[in-house]
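Every number here is computed from the coordinates shown, using simple stated rules; none is lab data. Just so you know, these numbers come straight off a predicted model, no measurement behind them. Cβ: placed from backbone, ideal geometry, glycine included. Neighbour counts: every protein chain shown.
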Amino acid sequence: MSRVRNPLLRSLLDLRGNGRACVYTEPMWGLSMMLVLPYAGVYMLALGIKDQEIGLLATISMLSQVVFGLLGGVITDKLGRRFTTAAFDLLAWSVPCLIWAFAQNFWAFLIASLINGAWQVTQNSWDCLLVEDVPRSELTKVYSLVKAAGEFSALFAPIAAILVAQFGLVPAVRVLYLNAFVVMTAKVFILYYWSTETEVGRTRQEQTRGVSLWRSLREYRGVLGLIIHSKGTIFSLAITAVVGAVVLVNGTFWQIVINQRLGVPDPLLPFFPMVRSILSVIFFFTLIPRLTAGPNLRRPTLIGFGSYLVGQLVLVAIPVPGGAATATTYWLLALCLLADAFGAAILAMLAESLVALHVDRDERSRVMAIQRTVVMLATAPFGWISGWLSGMDRSWPFLLTSALLVLGLILAARRWVTTHEEVGEAGSPA
């Protein structure tokens, strides 16, 4: 192990326990949902769903996540990190995948979106399962590994492209959703078998034994005080909200804009997230560890916002071809992917790391549940707003994301709050 020089690769090989179980099963996300997500938007368009309705579904999904996110902390404490992750992964992913596979109209997508919101419960429990037994000094590396593991999935994107080219968009996407149902269900059982309940999780289960969910929810008032009086928690919440809103808009409309505005054909759509993911993995194992190796995370955060902003502005500036995408279109999309891949990768890792570094360890599940609820409430309107903008001009949602990234730059530059790890030996901020 000691002969492995790359710090991220060394951390991967040294992982044990729940950290290894969570990270090593994460590529299965790519063999399932990541194969189908590049087609989610155009699949809905092909079934007659309008841009405004797609944006509305994104907002409804976010509001569903708000409800489940608020319940996530008390459910995680009550049922334990391990069992909650298994039960709610089945509900949030396996069930909606079956609905999406056979969907015919807006109402089927609406039902699936409402159920899919339950993933916020498992996001809370899975996060706790991942990090509660991991040393704080290793948190940024662990989150980098999680993101890199998820990105590896893009290597399988040609499978989706071949299916779409062979059978057409709608039949192929239905098959991909059925595949996602099978693989995600298998992931749930493998993770449950490999993992164990965390020490903090066992303690919280004992403390909440015999306590009703409603009483636990009322106790959120005390937890809310921990958040309000923590500048670091408020700051990390704001950064996470900005990143979350940008990710929501891009995840909903990026494939639509390159397909409907820039003339990229359907079979090529999965190759763009594949290239972005490959670039992200390269960055995770090369540049990102160097930028985040020190205790001060402000500079890499600023760089991440700047890079992501460049990618969004390039996307808006690409000239609309007369018909199919031209060579110039693809070159500019390549530049966009390069900037997006680095910016999105480092910001996703840093946003989650900042939350974990600032959070109260003993109240992790409930504090993170409230944080996620607030973040989702803040980001929910952007699904509908971006759908409304896309209905007028499909490039306009990315003017919105550009403005959000400028806001992120200002927050990181002027309102940075240091973590415990950023305090130097003399006790002054690093």
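Each part gets one Cα centre, and for region 145-185 versus region 275-319 those centres are 25 Å apart. Excluding residues fewer than 8 places away in the same chain, name every one of the lysines whose C-alpha is closer than 23 Å to that of LYS147. In chain and number order, the partners are LYS187. Annotation: lysines with alpha-carbon distance below 26 angstrom to LYS231 (same-chain offsets under eight excluded): LYS141. Taking each residue as 0.36 nm, the span from ALA46 to VAL406 lengthens on full extension beyond its C-alpha to C-alpha distance by 126.2 nm. The label point for ARG414 and the one for TYR192, both projected 7 Å from the Cα toward the Cβ, are 5.0 nm apart.
Calculated from the structure at hand, Cα extents along the principal axes in Å is found among [x] 71, 70, 48; [y] 72, 49, 48; [z] 61, 46, 44 as [z].
Between LEU302 and LEU13, the distance separating the two model label sites (each 7 Å from Cα on the Cα→Cβ line) works out to 3.6 nm. Along region 181-189 the Karplus relation, 6.51 cos²θ - 1.76 cosθ + 1.60 evaluated at θ = phi - 60°, assigns HN-Hα couplings of 4, 5, 5, 5, 5, 5, 4, 4, 6 Hz to successive residues, with x for each Gly and Pro. Working note: 222 nm ellipticity from helices only, DSSP H runs with n ≥ 4, each -39,500 (n - 2.57), summed and divided by the residues of the chain, gives -24500 deg cm²/dmol to the nearest 500. With contacts taken as Cα pairs under 8 Å and at least 6 residues apart, the chain reaches a relative contact order of 28 percent.
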